[in-house]
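All remarks here apply to the structure that follows.
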Amino acid sequence: MGQGLGEIDALIREEKRLTAVESQTEAWAEGLSAGIEPEIIAEAALTTAFVELLRACGEETALALLDTMREKVIAGEFELVRSHH
């Protein structure tokens, strides 16, 4: 049985997401190894992300992502992730 195009697209998107997370995790570790405080690394990462997102997708998309991430923080979705850093 074959997979539908939607399923394939979802698999590709998840693979891209995992690759991005791996790259970000490596950059985070390098920053910590260089003696940079987590708050500074986070601010730099978020600034870079939003500059690029605004350039590529516009203000509406960037603001929607901010809203989504805020709701995830409030809901406690990052509590388990926090223990990795």
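Some notes on this structure:
- Net charge of Cβ neighbours under 14 Å - reference residue 53; Lys, Arg +1; Asp, Glu -1: -3
- Accessible area (Å², per residue) of the chain, counting only protein heavy atoms and a probe of 1.4 Å: 86 Å²
- Heavy atoms of residue 46 accessible to a 1.4 Å probe, total area in Å² rounded to 10: 100 Å²
- Normalised convex hull volume, the chain, alpha-carbon set, Å³ per residue: 140 Å³
- Evaluating 6.51 cos²θ - 1.76 cosθ + 1.60 at θ = phi - 60° for every residue in the range 38-46, the Karplus couplings come out as x, 5, 6, 4, 4, 4, 5, 5, 5 Hz, glycine and proline recorded as x.
- Among the GluC sites (Glu not before Pro) in the range 19-79, those placed in a DSSP loop whose Cβ has at most 16 other Cβ atoms within 10 Å are 77.
- Solvent-accessible area, 1.4 Å probe, carbon plus sulfur percent, for the chain: 60 percent
- Distance-filtered residues of the range 1-39 - backbone nitrogen under 12 Å, label point 7 angstrom along residue 72 Cα→Cβ: 17-18, 21
The values are calculated or read from the model by the stated rules, or taken from the named source; none is laboratory data. Nothing here was measured: the structure is a model prediction, and the numbers come from that model. Neighbour counts run over all protein chains shown; Cβ positions are idealised from the backbone, glycine included. In case anyone asks, the SASA skips ligands and DNA or RNA and just uses the protein heavy atoms, side chains included. Shrake-Rupley method; radii C 1.70, N 1.55, O 1.52, S 1.80 Å.
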